[in-house]
1. Considering only protein heavy atoms, what is the solvent-accessible area of LYS30 at a probe of 1.4 Å, reported in Å² to the nearest 10?
2. Rounded to a whole number, what % of the accessible area of the range 13-73 do carbon and sulfur atoms account for, probe 1.4 Å?
3. Whole number in Å², please: accessible area per residue of the chain, 1.4 Å probe, ligands, DNA and RNA not counted.
4. Using a 10 Å cut-off on Cβ atoms, rank the peptides 47-53, 12-18 from the highest mean neighbour count down.
5. Under 20 Å between alpha carbons: how many lysine pairs meet that in the range 13-73, if sequence neighbours fewer than 8 apart on the same chain are excluded?
6. Only four residue types carry charge here, +1 at the Cβ of Lys and Arg and -1 at the Cβ of Asp and Glu. Report the dipole size of the chain about the Cα centre in Debye, rounded to the nearest 20.
7. Accessible surface of HIS10 in the full protein assembly, 1.4 angstrom probe, to the nearest 10 Å²?
8. What does the accessible area of ILE33 come to, in Å² to the nearest 10, when a probe of 1.4 Å is used?
Amino acid sequence: MELQCPKCEHELVRSGELKRHCESCKSDFKLHITCSTCGDEIERLKACGAVSFWCNECNEMKSKSSAVYTLQNDG
Ligand SMILES: [Zn+2]
Ligand SMILES: [Zn+2]
């Protein structure tokens with residue numbers, strides 16, 4: 001899934017597992033993935049190429065649609 005820069009709406013490029021970079025305004029962002037149910041940070045699990053999520057707080061698997069992506073400015 002591709003994310004847009006919150007500053008200039010340019011498409012962000014992946015610069016690390018949970019890092020994104022905007023080539024347009026040279027900003028770096030940290031990616032936080034949180035649960036849409038409880039708001040806690042959730043873990044990303046990779047199995048057979050499919051991505052799913054695990055929430056420790058809800059104690060259940062989450063689908064992609066329950067994962068909320070938040071970008072935090074990382075200088
Ligand atoms: Zn930008
Ligand atoms: Zn949860």
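The values are calculated or read from the model by the stated rules, or taken from the named source; none is laboratory data. Owing to the predicted nature of the structure, the values given are computational and were not obtained by experimental measurement. Neighbour counts are summed over all protein chains in view; Cβ atoms, including those assigned to glycine, are modelled from backbone coordinates with ideal geometry. To get the accessible areas, we keep the full protein, side chains included, count just its heavy atoms, and leave off ligands, DNA and RNA. Shrake-Rupley method; radii C 1.70, N 1.55, O 1.52, S 1.80 Å.
1. 80
2. Accessible surface attributable to carbon and sulfur in the range 13-73 totals 47 percent.
3. 66
4. Values: 47-53: 10.0, 12-18: 13.0.
Descending mean neighbour count gives 12-18, 47-53.
5. Values: LYS19/LYS30; LYS19/LYS46; LYS19/LYS64; LYS30/LYS46; LYS30/LYS64; LYS46/LYS62; LYS46/LYS64.
Here the count comes out as 7.
6. For this selection, approximately 160 debye.
7. Answer for HIS10: close to 80 Å² accessible.
8. Spelled out: ILE33, probe radius 1.4 Å, area about 10 Å².
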